[in-house]
Amino acid sequence: MTILGNSGLVLNEKLLFEHSDPGRKGYSLPKLDVPEAALPAELCRDEIAGFPELSEVDVVRHFTRLSTWNYGVDSGFYPLGSCTMKYNPKVNEIAARLPGLADLHPATPPHLAQGILELMDKLQTSLAEVSGFARVTLQPAAGAHGELAGMLVIRAWHEARNSTRSKVLIPDTAHGTNPATATLAGYDVVPIASEGILTLEEVESHMDDDVAALMVTNPNTLGLFESNIEEICKLVHARGGLVYCDGANLNALMGIARPGDMGIDVMHFNLHKTFSTPHGGGGPGAGPVGVTEELIPYLPGPGVERVGDEYRFETDNAESIGRLLAFHGNVGIMVRAYSYIRSMGGAGLKHASEMAVLNANYIRARLEGVYELPYKNRSLHEVIFSDKDLEGGCHTLDVAKRLIDYGYHPPTIYFPLVVKGAIMIEPTETESPDVLDEFCDAMIAIAGEARDNPDLLLKAPMRSKVRRLDETTAARKPRLKWEGSE
Amino acid sequence: MRYIPHTAADVSEMLERIGVKNLEDLFVEVPGSVRLKRPLDLPEALSETELLRELKKLAAKNATPSTHMSFLGGGAYHHFSPAAIDLLVSRSEFYTAYTPYQPEISQGTLQAIFEFQTMICQLTGMDVANASMYDGASACAEAVLMAVRLTRRKRVLLSRALNPRYRATVATYCLYLDLELIDVAVADDGRTDLKDLAAKLDNTTAAVVAGYPNYFGVVEDLAALSERAHEAGARMVAAVAEPVALGLLKPPGELGADIVAGDGQSFGLPLAYGGPYVGFFTVRQKDLRAMPGRLVGETTDLDGQRGFVLTLSTREQHIRREKATSNICSNQGLCALVTTIFMSLLGKQGLREMAGQNLAKAAYARQQLAGVKGFSLVFDGPSFNEFVVRSVEPVADVLGRLEKNGILGGIALGDDYPELADCFLVCVTEQNQRSEIDALVAALQGGAA
Amino acid sequence: MEFPEELKYTEEHEWVMIEEDLAVVGITDFAQDALGDVVFVELPEVGTAVEAGKAFGVVESVKAVSDVYAPLTGTIEEVNDDLIDAPEIINTSPYEDGWMVKIRMAEASDADELMDAEAYQALIAEES
């Protein structure tokens, strides 16, 4: 086996502030062509103490070196479960930087912004087609922001019916944003147990007149399709509630099945997962929300609409929950997602989901028996193992750190919480079988190392820029900014 | 498909290894009744050439500073962005990475965020900055929620001179949290009315929120606002939509602000029709554990080398779930990196010089416009790079006339402020040449004649 | 792992030492071990009324957070301020220096409801 991870020359780099030299400049501005002006002295600050003074070369080298300490999708395989780290197409980056899109001010009158409005309209229509919802809003800036929009919409629908329901049911496999969001919408969270997937009986036992909604993820965070979803939605509806779906895992279903057709009322998309926009080291993403016909009036706004050949912002939105951001959403991300959808076409999106599911099942087939597989139902786009069978006193964390030495980004670990020592692998469709084989070989080798030489895992990683970091001291005595050299 | 590597042979070998006959067998858990039985109704796939052709056509329908002289502001600003920024953030180790949960292979992102936190604290004069929020408006909403948590009070006073989109966002976030949002009037100078504030403040008030500068471009007397807020036991929230102003203005932290929330778009981010931008969020040390969002802290590794990690994450949704300080997860990491590089390049001198140019150009434009018959300045409080103009001629007609001259002259205020229906908001930055300002003045004169 | 005989225990992994009408409360060795390195402790103010079974404080490690529940109803008489600056005491000395609060009990007989060391050990044997 060829091990990808190797050592190389890694350059050290100080903090910006430790480079700073008084009088250095890294910018140029045109000469001022109007008379100078001054504010009253009592409004003015002294110089910004501590702000760096650097040349352009200093700054470019600094951030170039920093970049080499990172690992991106372009560096190698990034099997983070529930994160859908697929390849980020380069043409999308060019598209978002076209001056007519990148330099457009958000307050430009709509008749002078017809191009972007047309793109937004087409994107929301395309997302509605992929998901089976009646309408999609593009405003939310991230998945959790979309969840907030969706739960506020649900609450607004209930309020409009004078319903004062106060509870939201959330399965124990849910992402932490789900309960946090329900709280922000003013709801009490009722956690419900699942046995891999939700059963009708379990939902029924919690579904009373005080339940406003059920929040599900489908496929769920175990990579399993909630195959009782239709019956569950019918039950929740019959008892006067609505069903929210976290769309984080939509990459398993494009062209296969549509959440809107399953009876789900509201779902957010993650354009930075399913629709290939880059994760940016923690954003920006975008979290559009799709809803059924009945919930359209409550969507955040104003939304984009087409009237004849004109695109404009809706004006009739008295029942809307209002806006969630200063402007129209992460438009630069929308451009990338639109480019992706246009590059793939409908058939291409379906092919992507099929290959994503094929890849996950291939990894499962190769690693089952080496690592414990806690749920045996057929996996969709991701597969969850545990560290139960691992020898040598090694745990999931050690496998993750050892994978770094082999040249891989570790999978999602210790999530979902219902699996002890979870190792959650989502390969996505953009990885070839060769890459998957090399990764599986590494995983198998690591299980062997745990048995024969556990120190290799316990002391890993050895080849990275830094070794394991002291997170306890970081939390006990937080140092959250640079305060000068000691 | 160029992004999917599988050949037909790959697929059949993989299916065999899995032990199923065909792709269909992988979806057995998806019941037939919910399966989509037709192809997705989306246009055919495009090649790169065709895609860019289509997008360029769309882009050409939009008005930008290369097609029009622009005086639009109101929370998004056209500023100089050094060329190095885009090339650096285009390094794919930055933009194709995930949130830095594995610190050993994410030190680049982590150190950059640590530098971001440091510079945002230096800029605002505050103790602790988080690793970013979605934008200024949502950061402002989170600031209100934090003040409510800390004070356990339910009443929030929002200056009417706070950006109306920020006020609307606060209202959405607070919809079902049983809070009372109350507007505070604007005085004749364009600042928040201290008398009205005093009348509305009481010992149930959680927060006072004002823009700095405010939506009308006027610099608030933040010290006076903070003092009043603190007397009532409320928190002072300063919202900074135009951080370039902090190159010159006293930092809010020096003027008593308890939370400073703002937008970093001015620091190198393209206008992009409203996003992605980046919110920043700073607090006092004592309130650290109540703050939303991610934090990066300095520590050491096993060999004693300096390194950085995400820290204090027990405040966050992935650990504390329904009791978290916010539901925020991934937000605007790469945008925060853009502003970090911007602040590094501009540095101590550059930010001051840029702010000075904005101030001077706006002052020049104010002076010139004040001399045009039929137009007048509305507020006389000290202002930065925006100001409000009143027009005898209907505002829609004025802006329409300017547009015919290739000028985006400003934002009509009537929709957000019925009492200012005859007014518009003009923004002048260092990107507007004197000749553009003169053209604006000439075009306005043209109509009045 | 030790579970002193003289202490009483709760299902939420708190220990209680009864000193006349005062109850000294902390978290057990089992709880501190499960939590890992404690990095932060949040304690109530003196004089706060607490109710049996309701949370009165929080203990945090790097990756976990746990509410601490009042074993008995009463009023907070004293809190262990040393834990604010040195939360690691909970790991090193859970039963002595790591005590969290002293509660003045409303009803001394409530203490009879608590588990003894043997019952608690049986409980954790079942849980782990």
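Are there any strands (runs of 3 or more DSSP E) wholly within segment A:183-279 with 1 or more residues that are out of contact with any Phe, Trp or Tyr (no Cβ under 8 Å at 6 or more places or on another chain) and in contact (Cβ under 8 Å) with a residue 60 or more places away in the chain, and if so which? Quick ask: steps written out before the conclusion?
Values: elements: A:188-192, A:211-217, A:242-246, A:266-268.
Where strands (runs of 3 or more DSSP E) fall fully within segment A:183-279 and carry at least 1 residues being out of contact with any Phe, Trp or Tyr (no Cβ under 8 Å at 6 or more places or on another chain) and in contact (Cβ under 8 Å) with a residue 60 or more places away in the chain, they are A:242-246, A:266-268.
Just checking, does segment A:109-117 include any residue being within 7 Å of chain B (Cβ to nearest Cβ), in contact with a strand residue (DSSP E or B) (Cβ under 6 Å, 6 or more places away or on another chain) and of a type in the set (Val, Ile, Thr)?
Yes, segment A:109-117 contains at least one residue that is within 7 Å of chain B (Cβ to nearest Cβ), in contact with a strand residue (DSSP E or B) (Cβ under 6 Å, 6 or more places away or on another chain) and of a type in the set (Val, Ile, Thr).
Residues are listed down the side, and each one gets a yes or a no for (1) at the interface with chain B (Cβ under 7 Å from one of its Cβ atoms); (2) surrounded by fewer than 24 Cβ atoms within 10 Å (Cβ to Cβ):
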{"residue": "A:Phe313", "(1), (2)": "no, yes"}
{"residue": "A:Gly322", "(1), (2)": "yes, yes"}
{"residue": "A:Tyr338", "(1), (2)": "no, no"}
{"residue": "A:Val357", "(1), (2)": "yes, no"}
{"residue": "A:Gly369", "(1), (2)": "no, yes"}
{"residue": "A:Leu390", "(1), (2)": "no, no"}
{"residue": "A:Arg402", "(1), (2)": "no, no"}
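Would you list the strands (runs of 3 or more DSSP E) that sit entirely within segment A:301-407 and hold 1 or more residues that are out of contact with any helix residue (DSSP H, G or I) (no Cβ under 9 Å at 6 or more places or on another chain)?
Where strands (runs of 3 or more DSSP E) fall fully within segment A:301-407 and carry at least 1 residues being out of contact with any helix residue (DSSP H, G or I) (no Cβ under 9 Å at 6 or more places or on another chain), they are A:304-307, A:383-385.
Within segment C:1-48, work out how many residues are surrounded by 18 or more Cβ atoms within 10 Å (Cβ to Cβ) and on the phi > 0 side of the Ramachandran plot.
Of the residues in that region, 1 qualify.
How many of the residues making up segment B:284-305 are more than 21 Å from B:Cys121 (Cα to Cα) and within 8 Å of chain A (Cβ to nearest Cβ)? Outline the logic, then answer.
Step one: filter segment B:284-305 for residues more than 21 Å from B:Cys121 (Cα to Cα), giving B:300-305.
If we keep only those that are within 8 Å of chain A (Cβ to nearest Cβ) as well, we get B:300-303, B:305.
Qualifying residue count, segment B:284-305: 5.
Given the conditions (1) more than 13 Å from chain B (Cβ to nearest Cβ); (2) buried (at least 24 other Cβ atoms within 10 Å of the Cβ), and given that A:Ile296 satisfies all but one, which numbered condition is not satisfied?
Here A:Ile296 clears every test but (2).
Answer with yes or no whether A:Ile363 is within 16 Å of B:Gly19 (Cα to Cα) and either buried (at least 20 other Cβ atoms within 10 Å of the Cβ) or modelled with pLDDT of 95 or more (or both).
When the stated conditions are applied, A:Ile363 passes them.
Take residues that are crowded, with 24+ Cβ neighbours inside 10 Å and either under 20 Å from the mean Cα position of the chain (by Cα) or in contact (Cβ under 8 Å) with a residue 24 or more places away in the chain (or both) and tell me which of the strands (runs of 3 or more DSSP E) falling wholly in segment B:166-253 contain 2 or more.
Result: B:205-211, B:235-240.
Test B:Ser90 against the stated conditions and say whether it is surrounded by fewer than 20 Cβ atoms within 10 Å (Cβ to Cβ), of a type in the set (S, T, N, Q) and without any contact (Cβ under 8 Å) to a residue 24 or more places away in the chain.
Against the criterion (surrounded by fewer than 20 Cβ atoms within 10 Å (Cβ to Cβ), of a type in the set (S, T, N, Q) and without any contact (Cβ under 8 Å) to a residue 24 or more places away in the chain), B:Ser90 qualifies.
I'd like the residue in segment B:298-317 that is more than 25 Å from the chain's Cα centre (by Cα) and charged (D, E, K, R) and, out of all such residues, is farthest from B:Glu115 (Cα to Cα).
B:Asp303
Quick check on this structure: which one of B:Tyr166, B:Tyr134 is within 8 Å of chain A (Cβ to nearest Cβ), touching a Gly at 6+ places or on another chain (Cβ under 7 Å) and closer than 30 Å to B:Leu88 by Cα?
Numbers: B:Tyr166 fails: closer than 30 Å to B:Leu88 by Cα.
Residue meeting the stated conditions: B:Tyr134.
So which of A:Glu204, A:Glu230, A:Glu159, A:Glu195 ends up being closer than 20 Å to A:Gly260 by Cα and not hydrophobic (A, V, I, L, M, F, W, C)?
Residue meeting the stated conditions: A:Glu230.
If we scan segment A:135-146, do we find a residue that is under 30 Å from A:Ala347 (Cβ atoms), buried (at least 20 other Cβ atoms within 10 Å of the Cβ), free of Cβ contacts under 8 Å to residues at least 60 places away in the same chain and within 7 Å of another protein chain (Cβ to nearest Cβ)?
Kept after step one, since they are under 30 Å from A:Ala347 (Cβ atoms), are these residues of segment A:135-146: A:135-140, A:142-143, A:146.
Filter once more, keeping what is buried (at least 20 other Cβ atoms within 10 Å of the Cβ): A:136-140, A:142-143, A:146.
Going one step further and asking which of them are free of Cβ contacts under 8 Å to residues at least 60 places away in the same chain, we end up with none.
Scanning segment A:135-146, I find no residue that is under 30 Å from A:Ala347 (Cβ atoms), buried (at least 20 other Cβ atoms within 10 Å of the Cβ), free of Cβ contacts under 8 Å to residues at least 60 places away in the same chain and within 7 Å of another protein chain (Cβ to nearest Cβ), so the answer is no.
Just one of B:Val441, B:Val372, B:Val389, B:Val426 is in a helix (DSSP H, G or I) and either surrounded by fewer than 20 Cβ atoms within 10 Å (Cβ to Cβ) or at pLDDT 95 or above (or both); which is it?
After applying the criteria, what remains is B:Val441.
Given the structure, is B:Thr151 within 8 Å of another protein chain (Cβ to nearest Cβ) and of a type in the set (Val, Ile, Thr)?
no
Looking at A:Gly308, A:Gly346, A:Gly329, which is the one that is surrounded by fewer than 24 Cβ atoms within 10 Å (Cβ to Cβ), among the small types (Gly, Ala, Ser) and at the interface with another protein chain (Cβ under 7 Å from one of its Cβ atoms)?
Unique residue meeting the criteria: A:Gly346.
Of the residues A:Thr84, A:Thr64, A:Thr2, only one is out of contact with any strand residue (DSSP E or B) (no Cβ under 9 Å at 6 or more places or on another chain), more than 8 Å from chain B (Cβ to nearest Cβ) and on the phi < 0 side of the Ramachandran plot; which?
Details: A:Thr84 fails: on the phi < 0 side of the Ramachandran plot; A:Thr64 fails: more than 8 Å from chain B (Cβ to nearest Cβ).
Answer to the selection: A:Thr2.
The values are calculated or read from the model by the stated rules, or taken from the named source; none is laboratory data. Computed from a predicted model, the values in this text were never measured in an experiment. Positions of Cβ are backbone-derived with ideal geometry, glycine not excepted, and every protein chain shown enters the neighbour counts.
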